[in-house]
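Peer 1: Can you keep this structure in mind? I'll have questions shortly.
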Amino acid sequence: MVGESENRGEVQRNGESESNHDDRAPMAKAMDWVARITTAGLSFGLPPLLGYWLDQRYGLGYLLTLLGFGFGMFAGGWQLMKIARDAGAEDDVSERK
């Protein structure tokens, strides 16, 4: 039964059939990637900018800028890892077909 469902591009999980293949239009797939990449870029860039603005406003030197930089690197890296994991899962599905 599992072999049959894999041939149709479906996976059985907890008794439910789930389609692995993406029927969206190419533009919808492209917009999904644009959203993912934009999120990663903003995750890298916004925390240091916010830290800089707060430093200038409250006269804290570069303390919050550096903290924002550290947080931005962590958040941006997390987003890139998430993108890579999702892309790897998509590649695995396309190789099964």
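Peer 1: Please list the radius of gyration and Dmax for region 24-96, considering alpha-carbon atoms only, with Å as the unit.
Peer 2: 16.8, 57
Peer 1: Could you line up 38, 65 from fewest to most neighbouring Cβ atoms inside 10 Å?
Peer 2: Least to most surrounded, the residues fall as 38, 65.
Peer 1: Still on this model: What is the extension gain from residue 87 to residue 49, computed as 0.36 nm multiplied by their sequence separation minus the C-alpha to C-alpha distance, in nm to one decimal?
Peer 2: Numbers: separation 38, 0.36 × 38 = 13.68 nm, distance 2.93 nm.
Full extension of this stretch gives 10.8 nm more.
Read the figures in this text as sums done on the coordinates, not as results from a lab. Note that the structure is a prediction, hence the values are computed from the model and not measured. As a convention, Cβ positions derive from the backbone with ideal geometry for all residues, glycine included, and neighbour counts pool all protein chains shown.
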